[in-house]
1. Is there any pair linking a residue in region 25-37 that is without any contact (Cβ under 8 Å) to a residue 12 or more places away in the chain and under 21 Å from LYS3 (Cβ atoms) to one that is surrounded by 15 or more Cβ atoms within 10 Å (Cβ to Cβ) and aliphatic (A, V, I, L, M), with Cβ under 6 Å and at least six apart or on different chains, and which?
2. Quick one: HIS10 ticks every box in (1) surrounded by 13 or more Cβ atoms within 10 Å (Cβ to Cβ); (2) closer than 12 Å to PHE64 by Cβ bar one, so which box is it?
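Every number here is computed from the coordinates shown, using simple stated rules; none is lab data. In this text, all values refer to a predicted model and were calculated from it rather than measured experimentally. Virtual Cβ from ideal backbone geometry, glycine too; neighbours counted across all protein chains shown.
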Amino acid sequence: MTKFIITRWHVGFNKVQFNHFLQDTFSMGLAEAKSVVDRVMNDEEVELELADHSASILQKLTEFGLKFTIEP
């Protein structure tokens, strides 16, 4: 499992697209994804886990305006 730790967001953070991304990539429901977005907006660290990751996921997180770290 790869753990993504979202540490903060930047001005221009695309929360709507990030919400859709969470639903599609992490198989979250709408309420769960919205909760994650709200936590990010409240400057809380959020941990997300995936079995594997690719460069496209890293690129998307960057495009959304997120600062994050990765733990294998």
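1. Sorted first by the residue in region 25-37, then by its partner, the pairs are MET28/LEU22.
2. If we test HIS10 against (1) surrounded by 13 or more Cβ atoms within 10 Å (Cβ to Cβ); (2) closer than 12 Å to PHE64 by Cβ, just (1) comes out false.
To keep it simple, each residue is scored yes or no on (1) surrounded by 10 or more Cβ atoms within 10 Å (Cβ to Cβ); (2) closer than 17 Å to GLN17 by Cβ.
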site	(1), (2)
MET28	yes, yes
ALA31	no, no
GLU45	yes, no
GLU49	yes, no
ASP52	no, no
ALA55	no, no
GLN59	yes, yes
PHE64	yes, yes
GLU71	yes, no
